[in-house]
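One structure, pasted below without further comment.
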């Protein structure tokens, strides 16, 4: 007796790497076949930065190509950290910041940032915000200094409205 085939498909989009992957898995009887098709959809390719004095460039002049040039930061726990954000954009609408939060709180902080508004730099008054920079206008830079939290996985992102989906990365605290 032949078991019917089950086909599962998923589309995974990584905003920081600009890569779209499609993975399909088929199962018939006891056989599994996985096919992955990966193609570039944007020029954004992040790098891993280590240490306690990091420079991140905000790149791109529109929302379709904007990104941080760093996708992951690795740093020791309970250490003084300095992140310099350099905004390489020239378009006036490309203002950026850096906000640190637990990975699990990223969506909530970004959504509440919109409500906080421009006067607060789109950073909510929320205990889940570990640290945040001011907004950097195009061609300008800002510095964020803070003490890293306990070991764990955290996120850094831009909370300017509409930006966090493409402008975020992983902060690995060891």
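Go through 84, 79 for me and flag whichever is more than 15 Å from the chain's Cα centre (by Cα), at pLDDT 95 or above, over 19 Å from residue 158 (Cβ atoms) and in the same structural domain as residue 100 (by TED's automatic domain parsing).
Answer to the selection: 79.
Across segment 111-123, what is the number of residues that are surrounded by 18 or more Cβ atoms within 10 Å (Cβ to Cβ) and either not in a loop (DSSP other than H, G, I, E, B) or not assigned by TED's automatic domain parsing to the domain that holds residue 82 (or both)?
Going through segment 111-123 one residue at a time, the tally reaches 2.
Out of (1) more than 22 Å from residue 47 (Cα to Cα); (2) touching a strand residue (DSSP E or B) at 6+ places or on another chain (Cβ under 6 Å); (3) surrounded by fewer than 16 Cβ atoms within 10 Å (Cβ to Cβ), what's the single condition that is false for residue 143?
With respect to (1) more than 22 Å from residue 47 (Cα to Cα); (2) touching a strand residue (DSSP E or B) at 6+ places or on another chain (Cβ under 6 Å); (3) surrounded by fewer than 16 Cβ atoms within 10 Å (Cβ to Cβ), residue 143 is out only on (1).
Which of the residues belonging to segment 89-104 are free of Cβ contacts under 8 Å to residues at least 40 places away in the same chain and surrounded by 14 or more Cβ atoms within 10 Å (Cβ to Cβ)?
none
What number of residues in segment 146-157 are surrounded by 14 or more Cβ atoms within 10 Å (Cβ to Cβ), touching a helix residue (DSSP H, G or I) at 6+ places or on another chain (Cβ under 7 Å) and either more than 16 Å from residue 66 (Cβ to Cβ) or touching a residue at least 60 places away in the same chain (Cβ under 8 Å) (or both)?
Adding up the residues that qualify gives 2.
Residues are listed down the side, and each one gets a yes or a no for (1) in contact (Cβ under 8 Å) with a residue 40 or more places away in the chain; (2) within 24 Å of residue 118 (Cα to Cα); (3) surrounded by 13 or more Cβ atoms within 10 Å (Cβ to Cβ):
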| position | (1), (2), (3) |
| --- | --- |
| 62 | no, yes, no |
| 69 | no, no, yes |
| 72 | yes, no, yes |
| 81 | yes, no, yes |
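For segment 124-165, enumerate the residues that are closer than 17 Å to residue 91 by Cα and assigned to a loop (DSSP other than H, G, I, E, B).
Answer for segment 124-165, where residues must be closer than 17 Å to residue 91 by Cα and assigned to a loop (DSSP other than H, G, I, E, B): 135, 137, 138, 139, 140, 158, 160, 161, 162, 163.
Also: Could you count how many residues in segment 109-136 are at positive phi and in contact (Cβ under 8 Å) with a residue 12 or more places away in the chain?
2
Mind checking which residues of segment 71-110 are part of a loop (DSSP other than H, G, I, E, B) and under 16 Å from residue 124 (Cβ atoms)?
Matches in segment 71-110: 97, 98.
Specify the residue that is modelled with the highest pLDDT; the eligible residues are those in segment 42-51 that are outside any strand (DSSP E or B) and surrounded by fewer than 14 Cβ atoms within 10 Å (Cβ to Cβ).
Among those that are outside any strand (DSSP E or B) and surrounded by fewer than 14 Cβ atoms within 10 Å (Cβ to Cβ), it is 51.
The values are calculated or read from the model by the stated rules, or taken from the named source; none is laboratory data. Worth saying up front: this structure is predicted, and the values here are computed from it rather than measured. Glycine gets a Cβ as well: all are built from the backbone with ideal geometry, and neighbour counts include every protein chain shown.
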